[in-house]
1. Restricted to the range 82-109, and to residues that are among the β-branched types (Val, Ile, Thr) and not in a loop (DSSP other than H, G, I, E, B), which residue is nearest to HIS63 (Cα to Cα)?
2. Can you tell me which residue is surrounded by the most Cβ atoms within 10 Å (Cβ to Cβ) among those in the range 84-93 that are without any contact (Cβ under 8 Å) to a residue 40 or more places away in the chain and not acidic (Asp, Glu)?
3. Any chance you could count how many residues in the range 100-109 are touching a residue at least 12 places away in the same chain (Cβ under 8 Å) and either touching a Lys or Arg at 6+ places or on another chain (Cβ under 8 Å) or within 11 Å of VAL66 (Cα to Cα) (or both)?
4. Would you please list the contacts, defined by Cβ atoms under 8 Å and residues six or more apart or on different chains, that run from a residue in the range 27-39 that is at pLDDT below 95 to a residue that is in a strand (DSSP E or B) and not charged (D, E, K, R)?
5. Identify all residues within the range 34-87 that are of a type in the set (Lys, Arg) and within 14 Å of VAL108 (Cα to Cα); write none if there are none.
6. Among ASP59, ASP79, which is the only one that is surrounded by 13 or more Cβ atoms within 10 Å (Cβ to Cβ) and assigned to a loop (DSSP other than H, G, I, E, B)?
7. What number of residues within the range 41-56 satisfy the criterion of being touching a His at 6+ places or on another chain (Cβ under 7 Å) and crowded, with 20+ Cβ neighbours inside 10 Å?
Amino acid sequence: MTSFALRNICIRLAIFAVVASCMTAAHCEDLMVTIDNFTFEPAQLTIKVGTTVTWKNRDDIPHTVVSAGKFRSKPLDTDDSYSFTFTSPGDYKYFCSLHPHMTGMIKVE
(Lines give C-alpha, C1' and ligand atoms only; values in the text may rest on other atoms or scores of the structure.)
Protein backbone atom coordinates (compact mmCIF):
# COMPACT_ATOMS: atom_id res chain seq x y z
CA MET A 1 0.00 0.00 0.00
CA THR A 2 1.41 3.38 -0.92
CA SER A 3 1.75 6.22 1.57
CA PHE A 4 -0.80 8.20 -0.45
CA ALA A 5 -3.40 5.43 -0.13
CA LEU A 6 -2.69 5.05 3.58
CA ARG A 7 -3.04 8.80 4.15
CA ASN A 8 -6.31 8.80 2.20
CA ILE A 9 -7.69 6.00 4.40
CA CYS A 10 -6.66 7.86 7.58
CA ILE A 11 -8.38 11.04 6.42
CA ARG A 12 -11.57 9.13 5.61
CA LEU A 13 -11.53 7.42 9.02
CA ALA A 14 -11.07 10.77 10.79
CA ILE A 15 -14.00 12.31 8.90
CA PHE A 16 -16.15 9.27 9.65
CA ALA A 17 -15.31 9.51 13.38
CA VAL A 18 -16.36 13.17 13.55
CA VAL A 19 -19.61 12.55 11.66
CA ALA A 20 -20.42 9.46 13.73
CA SER A 21 -19.89 11.28 17.02
CA CYS A 22 -22.31 14.02 15.96
CA MET A 23 -24.91 11.49 14.86
CA THR A 24 -24.79 9.44 18.06
CA ALA A 25 -24.73 12.21 20.66
CA ALA A 26 -26.96 15.18 21.32
CA HIS A 27 -24.09 17.58 21.80
CA CYS A 28 -23.15 18.63 18.28
CA GLU A 29 -25.85 21.23 18.08
CA ASP A 30 -27.68 23.66 20.30
CA LEU A 31 -30.32 22.07 22.50
CA MET A 32 -33.66 23.20 23.90
CA VAL A 33 -35.31 22.65 27.26
CA THR A 34 -39.03 23.37 27.37
CA ILE A 35 -40.67 24.83 30.47
CA ASP A 36 -44.25 23.60 30.66
CA ASN A 37 -46.67 22.57 33.40
CA PHE A 38 -44.13 23.55 36.09
CA THR A 39 -41.43 21.20 34.75
CA PHE A 40 -38.22 21.38 32.73
CA GLU A 41 -38.31 18.90 29.85
CA PRO A 42 -35.97 17.15 29.53
CA ALA A 43 -35.05 17.45 33.20
CA GLN A 44 -31.49 16.24 32.54
CA LEU A 45 -29.13 16.67 29.59
CA THR A 46 -25.59 15.45 28.99
CA ILE A 47 -23.72 17.73 26.60
CA LYS A 48 -20.22 18.61 25.43
CA VAL A 49 -18.32 21.78 26.33
CA GLY A 50 -19.30 24.57 23.93
CA THR A 51 -22.96 23.53 23.60
CA THR A 52 -25.62 26.21 23.95
CA VAL A 53 -28.81 25.27 25.77
CA THR A 54 -31.97 27.36 25.34
CA TRP A 55 -34.86 27.23 27.79
CA LYS A 56 -38.24 28.25 26.34
CA ASN A 57 -41.22 29.00 28.57
CA ARG A 58 -44.41 27.39 27.24
CA ASP A 59 -46.27 27.93 30.54
CA ASP A 60 -48.79 30.71 30.98
CA ILE A 61 -46.93 32.12 34.01
CA PRO A 62 -43.35 33.42 34.41
CA HIS A 63 -40.42 31.17 35.31
CA THR A 64 -36.67 31.66 35.75
CA VAL A 65 -33.63 29.48 35.12
CA VAL A 66 -30.99 29.75 37.84
CA SER A 67 -27.78 27.82 38.52
CA ALA A 68 -26.28 29.30 41.69
CA GLY A 69 -23.12 31.24 40.86
CA LYS A 70 -23.18 30.15 37.21
CA PHE A 71 -26.13 31.73 35.36
CA ARG A 72 -29.47 33.43 36.01
CA SER A 73 -32.24 34.36 33.59
CA LYS A 74 -34.66 37.20 34.00
CA PRO A 75 -38.28 36.12 34.58
CA LEU A 76 -39.42 34.48 31.34
CA ASP A 77 -42.98 35.19 30.27
CA THR A 78 -44.87 32.87 27.93
CA ASP A 79 -42.80 32.15 24.79
CA ASP A 80 -39.72 33.97 26.18
CA SER A 81 -36.42 32.12 26.08
CA TYR A 82 -33.01 32.19 27.73
CA SER A 83 -29.78 30.72 26.35
CA PHE A 84 -26.49 29.82 27.99
CA THR A 85 -23.32 28.39 26.43
CA PHE A 86 -21.48 25.90 28.64
CA THR A 87 -17.74 26.54 28.42
CA SER A 88 -16.56 24.39 31.34
CA PRO A 89 -17.18 20.74 32.22
CA GLY A 90 -19.15 19.87 35.33
CA ASP A 91 -22.62 19.32 36.75
CA TYR A 92 -24.92 22.34 36.57
CA LYS A 93 -27.95 21.94 38.81
CA TYR A 94 -30.59 24.56 38.09
CA PHE A 95 -34.05 25.57 39.30
CA CYS A 96 -36.80 28.15 38.92
CA SER A 97 -36.36 30.80 41.63
CA LEU A 98 -40.11 31.53 41.52
CA HIS A 99 -41.02 27.84 41.93
CA PRO A 100 -38.03 26.13 43.65
CA HIS A 101 -39.54 22.65 43.29
CA MET A 102 -38.80 22.94 39.55
CA THR A 103 -35.29 21.54 39.07
CA GLY A 104 -33.04 20.28 36.31
CA MET A 105 -29.47 19.20 35.59
CA ILE A 106 -27.01 19.81 32.77
CA LYS A 107 -23.97 17.50 32.77
CA VAL A 108 -21.16 18.96 30.69
CA GLU A 109 -18.40 16.60 29.54
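1. Just the residues of the range 82-109 that are among the β-branched types (Val, Ile, Thr), to begin with: 85, 87, 103, 106, 108.
Now drop any that are not not in a loop (DSSP other than H, G, I, E, B), which leaves 85, 103, 106, 108.
Values: THR85: 19, THR103: 12, ILE106: 18, VAL108: 23 Å.
Applying the filter and picking the extreme gives THR103.
2. PHE86
3. 6
4. Qualifying pairs under 8 Å: HIS27/THR46; HIS27/ILE47; ASP30/THR52; ASP30/VAL53; ASP30/THR54; ASP30/SER83.
5. In the first step, residues of the range 34-87 are kept if they are of a type in the set (Lys, Arg); the result is 48, 56, 58, 70, 72, 74.
Once the filter is applied, which keeps residues that are of a type in the set (Lys, Arg) and within 14 Å of VAL108 (Cα to Cα), the range 34-87 yields LYS48, LYS70.
6. From the options ASP59, ASP79, the qualifying one is ASP59.
7. 2
The values are calculated or read from the model by the stated rules, or taken from the named source; none is laboratory data. The structure displayed is predicted, hence computed values, not measured ones. Backbone-built Cβ (ideal geometry, glycine too); neighbour counts: all protein chains shown.
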